[in-house]
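Colleague: Pasting a structure here, questions to come.
Just so it is clear, none of the values below were taken in a lab; they were calculated from the coordinates. Note that the structure is a prediction, hence the values are computed from the model and not measured. A quick note on method: Cβ atoms are made from the backbone with ideal geometry, for glycine too, and the neighbour counts reach across all protein chains shown.
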Amino acid sequence: MLHPGDLFMALWRRLLERRDEVRTLALGLEADHARAGRLAGEAADCLRRGAPALEDWAGAGLDRTLAAAQAIDAWFAPLASRYDFRDDDPLPGERLEARRRLNRDGRFNADPADGQLILRPGLFARAMNIRETAPPEADPEAFDPVDLFASLLVVPPALTIEAERDGDPDRRIAVEYRRIAAVSDQDPSDPAWTPVIGVVPLAEAEDDLAIRRFRRDGEDWYDPAPRDLGRRAADAVAALAAQGATFILFPEVSAGPDAVSAIQQALRDQAVDGPIRHALVGVKEEVAGRPRNRAILLDRCGRMAGSQTKLHCWDLDSDQCRSYDLRDRNGRLLGCAREDIETGDRFTLFDLPDFGRLAVAICEDLGRTEPSAWIASGMMVDWLVTPVMDSGLTTERWQAKEGAASSRAGSCRVIVVNSIALSHRFNRACRANGEEDKVIESCGVALLFQPRASRAGAPHIQCLTLPLSDPAPGYVYARWTPGDWPALPDPEPEGPESEGDE
Amino acid sequence: MNALESAFGKLGDDLLDAIGRQDWAVADAELETLAQEAVAATVANRREDLAALARVATRCHTALSLRDDLSGEAMHRHGQLRALAVMIAAARGRTPPRAAESLSVSGPPAAVLSALRDGPQTCPALVEATGLTAEQVGCALPELRAAGLVRSWPAGRLIVNAIRSGIPSPRGGEGESTI
């Protein structure tokens, strides 16, 4: 029996093939709600008789193809809603099959070659659809077929992203949506849920995160080497557990193997009665003899739940080498320095019952067009976490701009976490250049972004800092209460329907 | 922590003790009580109690998962705890909409219903018509749909909302059927 999920995939492919015609059709329907309503009603009636009946009906014209796909999207709506539907339930057997497929295979469609058909809203969006309060742009150029559907999203099996280095050809990476099945006592879909986010910079002194430099193939390379600060990491985990942290984060390349083991043991020690449900730890690892820059996701017991490898290298230009005081063995400032890592070939969306839907973009990965733009356009994740290795975070630097843009476009919460070590280098360079006004005293180690809830609203931002001279206690934390945080001004012009005009 | 949550906590401790001393009859009795409480809290939609039960079930499950030498009998109860925790999480992840009478009387849902009596509208148009914020309208619509008071359909990328036909109007008569 044809399942609605499989019919949707066939219709979706047809719509993508005729994208320009679909855009014209959609814009016409947006101006003619009665016609759209008639088509939707006919499609829903066909779907009540089963997916094959809808398939027959959908074949006679592009408007029917779209209406049929949207009828299936509406049929999935109860699965994407926090509220129980009091409506009748057409095709209950197919509904059960949909649940089984999602729980078992992580997708509603049968054929994995097509990618993964999943629910578009993450857990946070199940009580309010941001697409309704901030509807898509009227500009025809901004048309994206993804926005024709409120409940369903196709995660493609692969995505084209930029080369890891400028000048190289674009490359394809695998994309994966991964449901982590675990027992959970958090309820992220509850609008009143306010987790506590803890951040441990870990690398505090300059030599806690040494930047090794070397020459290879006629070029300069850099290779960050974190000191093993297992004791410090374990103490911070225990202290954050005492503060009620739900999710704790360690920055990019901040932890070596001993620190990771210590974090795992400290998580295990608090697992039964403590509050920490997940940790994300930026690590430097050797895989098959090559260094990899990864973020590993640990569960409440310290067990590995997943990982994300950095997708792009961060090559430093001469200004950046000067900012971080990177010199060769003769003491000369480097003109450029390349990051010596093997990049990843897979991007994973994690669905965590204790935390919601999470994507990890390590440092440079946040700044590149993809996969950030794809995540934002799909409005699919609850959290976008970016561990970085940089000088102190502020609400003006690139991470704040990129974070604000991702939060605004993707309607997701964004967290940027940073260590402290590089700020010492930055300060040395500032003092050498007579730029005392730029010297960092209060070092930004975490930026937290809450997205706006409507086009007229503003994102809210919280910057958490530690004093550079004495970063005790070595961690920061904040409950996710964005109502108490400063608002970021919205750079976009307000639309005529915004509340501000009333 | 209220008295019932403390009592749930003691139930969890006693369950773990019973499993630790391999007293399977008591362990099964404690599990049965936990299941009965979970169903009662689910049916009555007691959100705080469901949250407390979720903590107890996951705490016990986690404690057992950290033991290295679980016997087959203990693993059997570990699996039951997982099933219970999954059921409690499923109950917490959804909530019944309020009754139609309550939604129609006051607050943003009532204002949205009232505005829709003038004809179908999108969320931004409802914001303009009601004077509510976009967030208030955006939060009201999913509950009104789930309660069967509003039906919606896509118009391109927009979502149009209308009063569901056959819904009694507080002003008398029936809501409009627009299509």
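Colleague: Mind listing which GluC sites (Glu not before Pro) in the stretch A:393-441 are in a DSSP loop and have 12 or fewer other Cβ atoms within 10 Å?
Modeller: A:396, A:435, A:441
Colleague: Suppose a student asked you for the relative contact order of the stretch B:1-130, using Cα pairs under 8 Å spaced at least 6 residues apart; what percent would you report?
Modeller: 22 percent
Colleague: Among the aspartates and glutamates, which have Cα under 16 Å from the Cα of residue B:10 when same-chain residues fewer than 8 positions away are ignored?
Modeller: Within reach: A:273, B:28, B:30, B:32, B:37, B:49.
Colleague: Okay, moving on. Give the cross-link partners of residue A:401 among the lysines, using a straight C-alpha distance below 26 Å as the criterion and excluding same-chain residues fewer than 8 apart.
Modeller: A:310, A:438
Colleague: Net charge near residue B:24: determine it from the other residues with C-beta under 9 Å of the C-beta of residue B:24, scoring Lys and Arg +1 and Asp and Glu -1.
Modeller: -2
Colleague: Applying 1/(1 + (r/R0)^6) with R0 = 56 Å to the Cβ-Cβ distance of residue A:479 and residue A:19, what FRET efficiency is obtained, to the nearest 0.05?
Modeller: Using R0 = 56 Å, I get an efficiency of 0.80.
Colleague: What is the set of long-range amide H partners of residue A:339 at a cut-off below 5 Å, with H atoms built 1.01 Å from backbone N?
Modeller: Sorted by chain and number, the residues that satisfy this are A:222, A:314, A:315, A:316.
Colleague: Classify the stretch A:308-349 as rounded, prolate or oblate from the Cα gyration tensor: take a ≥ b ≥ c as the square roots of its eigenvalues, call it rounded if a/c is under 1.5, otherwise prolate when a/b beats b/c and oblate if not.
Modeller: prolate
Colleague: Turning to a different aspect of this structure: Report, as an integer, the average count of C-beta atoms from other chains found within 10 Å of each Cβ along A:125-136.
Modeller: The mean count of partner-chain Cβ atoms within 10 Å per residue comes to 6.
Colleague: Report, as an integer, the average count of C-beta atoms from other chains found within 10 Å of each Cβ along A:19-32.
Modeller: Neighbouring Cβ atoms belonging to other protein chains average 2 per residue here.
Colleague: Let me ask another. What is the set of long-range amide H partners of residue A:305 at a cut-off below 5 Å, with H atoms built 1.01 Å from backbone N?
Modeller: Correct list: A:297, A:298, A:299.
Colleague: Now a separate question. Tell me, what ³J(HN,Hα) does each residue in the stretch A:56-70 have, in order and in whole Hz, if you take phi through Karplus 6.51 cos²θ - 1.76 cosθ + 1.60 with θ = phi - 60° and put x for Gly and Pro?
Modeller: After applying 6.51 cos²θ - 1.76 cosθ + 1.60, I find 4, 5, 6, x, 9, x, 5, 5, 6, 4, 5, 4, 5, 5, 6 Hz.
Colleague: Moving on to the next point. For the stretch A:30-70, what relative contact order do you get, as a whole percent, if you take Cα pairs closer than 8 Å and at least 6 residues apart?
Modeller: 37 percent
Colleague: While we're on this one: Report the net charge of residues surrounding residue A:148, where surrounding means a beta-carbon distance below 9 angstrom and charges are Lys +1, Arg +1, Asp -1, Glu -1.
Modeller: -2
Colleague: Let me ask you something else. Using a Förster distance of 45 Å, how high is the FRET efficiency between residue A:171 and residue A:328, based on the Cβ-Cβ distance and rounded to 0.05?
Modeller: Once rounded, the FRET efficiency stands at 0.90.
Colleague: Which of rounded, prolate, oblate describes the protein assembly as shown, given a ≥ b ≥ c as roots of the alpha-carbon gyration tensor eigenvalues and a/c under 1.5 marking rounded, otherwise prolate only if a/b is larger than b/c?
Modeller: Oblate, because a/c is 1.5 or more while a/b does not exceed b/c.
Colleague: Want the number for residue A:214 to residue A:193: 0.36 nm per residue separation, take away the alpha-carbon distance, what's left?
Modeller: 2.7 nm
Colleague: Run lengths n ≥ 4 of DSSP H only: what is the helix-derived mean residue ellipticity at 222 nm for chain A, with -39500 (n - 2.57) per run over all residues, to the nearest 500?
Modeller: Taken over chain A, the calculation gives -9000 deg cm²/dmol.
Colleague: Let me ask something else. If amide H atoms are built 1.01 Å from N in the plane of the peptide, which residues on other chains or at least 5 residues away come under 5 Å of the amide H of residue A:177?
Modeller: A:349
Colleague: When only Cα pairs under 8 Å and 6 or more residues apart are kept, what is the percent relative contact order across the stretch B:31-85?
Modeller: It rounds to 40 percent for the stretch B:31-85.
Colleague: Here's something else I'd like to know. Report the full-extension gain for the segment residue A:158 to residue A:111: residue separation times 0.36 nm, less the Cα-Cα distance, to one decimal in nm.
Modeller: In short, 15.5 nm is gained.
Colleague: Along the Cα-to-C-beta direction of residue B:105, a point sits 7 Å from the Cα; which residues of the stretch B:146-166 have their amide N less than 20 Å from that point?
Modeller: Taking a point 7 Å out along Cα→Cβ of residue B:105, the residues of the stretch B:146-166 whose backbone N falls under 20 Å are B:146-150.
Colleague: Taking θ as phi - 60°, what are the ³J(HN,Hα) couplings along the stretch A:45-52 by the Karplus curve (6.51, -1.76, 1.60), each to the nearest whole Hz, with x for Gly and Pro?
Modeller: Calculated HN-Hα couplings, in order: 4, 5, 5, 4, 7, x, 4, x Hz.
Colleague: What is the magnitude of the charge dipole of the stretch B:100-163 about its Cα centre, with +1 placed on the Cβ of each Lys and Arg, -1 on the Cβ of each Asp and Glu, and no other charges, expressed in debye to the nearest 20?
Modeller: That gives a dipole near 220 debye.
Colleague: So what is the calculated 222 nm ellipticity per residue for chain B, using -39500 (n - 2.57) for each DSSP H run with n of 4 or more, over all residues, to the nearest 500 deg cm²/dmol?
Modeller: Helix contribution divided over all residues of chain B: -21000 deg cm²/dmol.
Colleague: Just to verify a number: FRET efficiency for residue A:432 and residue A:139, C-beta to C-beta distance, R0 = 45 Å, to 0.05?
Modeller: So, using R0 = 45 Å, E works out to roughly 0.40.
Colleague: I'd like the Karplus ³J(HN,Hα) series for the stretch A:386-396: coefficients 6.51, -1.76, 1.60, θ = phi - 60°, whole numbers in Hz, and an x wherever there's a Gly or Pro.
Modeller: My calculation for the stretch A:386-396 gives 10, x, 10, 10, 7, 6, x, 6, 9, 7, 10 Hz in order.
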